[in-house]
Each structure stands twice: as structure tokens, then as C-alpha cells.
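> This is the structure I have questions about; it appears just below.
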Amino acid sequence: MSKQVYISADYSENDGDREVVKELNKWGQDNLHKVDFIDMSQVASGSVSKDSDCRICDLKKEFNAQINASSAVIFVVGNKTALRTAGSSCRRVNNSQSLCSCTPYKQNTNGTKPCKVAFTSTPGENDDVGCINSYSYLKHEFKQAEKRNKKIIIVYNSSRKESTWLPSYMKAYEKEARPFWTKNILGDKVGDYSYIKEVLGF
């Protein structure tokens, strides 16, 4: 039986960490490993974002569902991860609906729309992380993985341990975080899967 593993990463076009995600997905296509990787870009291009009125809270709800269905979550940390704020602009958590507006997903050119969330409530101890919050998408995913007690794997988009890259909310995992890249016997840059295999139980 295959394991579903969620990938969270910075998908910025020019200075993100897509290279690691691409490498992980290659591994996921190998039937020998029996891993079904679900990366955030695939989620974001799926059903929720196709809605013309998709908002930050809708995406966070989608991420919660995907993380809940996964046995582990891989967080790819690059040199810009701690600076990313996408998803953090929701003001509804501290304001009434009438005072809030946001831009539907990838529709910045169309301007903002009034908040569509009429009522909010504080999530209970056994509930998902609430989708109305000021967390970035990356921080939201991390908080959800922690709350649901998922196996958390943190890898640096580097061949070295880059502890200074960790966002503050990941600092407790500094000892466990590992570099993703290594070199094979030919000197070629390749993904080092040994740590990921170990955590996933392969």
C-alpha cells in the first residue's frame, strides 16, 4: 500500500524551491518506493482554486484536508522560506466582516472583494487549524501538520545544514532538519533520500 506524503515548499518562480519538489516527484513516480507525493502546487491547481471566488481561507481549508489524508509532511526550506508571507493578509480574525476584504486567488488585477465569511469561531482542541488566521500558507501547513501529529520531515534546499534558514515556527526541529542535496560517486548533484526513507519506514 502506498503512502501519501504532502510536500510544502516555496513555489516562487525565480528564487523558490521547485527543484527539490521536482526531484521528490520523480522519486514518487518510481513504483518501488510506493509513495504518493502531494505537493502544494498540485493542490493549488486543483478544485478549490478553479472557483472564481477562491479565497485565502478556501485554500487553507484545502491544505488541511490534504494534510489530514497524508501520513507525513515534507517541508522544503530554502533561503527565502522564512521571509514568505503569502496567505497572511486575512484580517477577518480580528475584525468584523464589514471591515474586511481580500483578493480572490491569483486575481490581483481584478481588485479586492468583500469578505465572504459571515461567522467565525475559535477552533477546538480536536479541530483543524482554523482557516481564518494571519498565518502564511507555509506556516498554516506546518501548524496543521503539528496539530494532527503527522510525521514532519524538514529538508534544506542545500547540500549543507542551513539552520539560519528555518522560520521561527520550525526551530524546534532544527536538530532533525537535513540537507536535501548530496553528490553521487560521479560528483553529480542528486537528492539524498536516506533520511526521508528512514522517517517513512522504508
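> All but one of (1) within 25 Å of ASP15 (Cβ to Cβ); (2) in contact with an Asp or Glu (Cβ under 8 Å, 6 or more places away or on another chain); (3) surrounded by fewer than 20 Cβ atoms within 10 Å (Cβ to Cβ) hold for LYS161; which doesn't?
(2)
> Let me ask something else. Check ASN64 against each of (1) open to solvent by less than 70 Å² (accessible area, probe 1.4 Å); (2) closer than 29 Å to LYS197 by Cβ; (3) modelled with pLDDT of 80 or more; (4) touching a Phe, Trp or Tyr at 6+ places or on another chain (Cβ under 6 Å) and name the one condition it does not meet.
(4)
> List the number of the failed condition for TYR193; all other conditions in (1) open to solvent by less than 90 Å² (accessible area, probe 1.4 Å); (2) of a type outside the set (Val, Ile, Thr); (3) touching a Ser or Thr at 6+ places or on another chain (Cβ under 8 Å) hold.
(3)
> ALA86: closer than 22 Å to VAL20 by Cα, assigned to a helix (DSSP H, G or I), in contact with a Phe, Trp or Tyr (Cβ under 7 Å, 6 or more places away or on another chain) and open to solvent by 30 Å² or more (accessible area, probe 1.4 Å), yes or no?
no
> Here's another thing I want to ask about it. Out of everything in the stretch 90-117 that is touching a Ser or Thr at 6+ places or on another chain (Cβ under 8 Å) and within 30 Å of PHE37 (Cα to Cα), what residue ends up being modelled with the highest pLDDT?
My answer is CYS90.
> Now for a separate question. Is there any pair linking a residue in the stretch 11-30 that is in contact (Cβ under 8 Å) with a residue 12 or more places away in the chain to one that is surrounded by fewer than 16 Cβ atoms within 10 Å (Cβ to Cβ), with Cβ under 6 Å and at least six apart or on different chains, and which?
If the second residue must be surrounded by fewer than 16 Cβ atoms within 10 Å (Cβ to Cβ), the pairs left are TYR11/SER41; ASP15/LYS80.
Yes/no per residue for (1) small (Gly, Ala, Ser); (2) modelled with pLDDT of 75 or more; (3) in contact with a strand residue (DSSP E or B) (Cβ under 9 Å, 6 or more places away or on another chain); (4) under 23 Å from LYS189 (Cβ atoms):
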{"site": "TYR6", "(1), (2), (3), (4)": "no, yes, yes, no"}
{"site": "ALA9", "(1), (2), (3), (4)": "yes, yes, yes, yes"}
{"site": "ASN25", "(1), (2), (3), (4)": "no, yes, yes, yes"}
{"site": "LEU32", "(1), (2), (3), (4)": "no, no, no, yes"}
{"site": "ASP36", "(1), (2), (3), (4)": "no, no, yes, no"}
{"site": "VAL43", "(1), (2), (3), (4)": "no, no, yes, no"}
{"site": "SER49", "(1), (2), (3), (4)": "yes, no, no, no"}
{"site": "ASP53", "(1), (2), (3), (4)": "no, yes, yes, no"}
{"site": "CYS57", "(1), (2), (3), (4)": "no, yes, yes, no"}
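> If a residue must be free of Cβ contacts under 8 Å to residues at least 12 places away in the same chain and of a type in the set (S, T, N, Q), how many such residues does the stretch 110-135 contain?
The qualifying residues number 5.
The values are calculated or read from the model by the stated rules, or taken from the named source; none is laboratory data. Not measured: the values here are computed from a predicted model. So basically every Cβ, Gly included, is an ideal-geometry build from the backbone, and we count neighbours across all protein chains shown. The accessibility values were calculated without ligands, DNA or RNA, using every heavy atom of the protein model including side chains. Shrake-Rupley method; radii C 1.70, N 1.55, O 1.52, S 1.80 Å.
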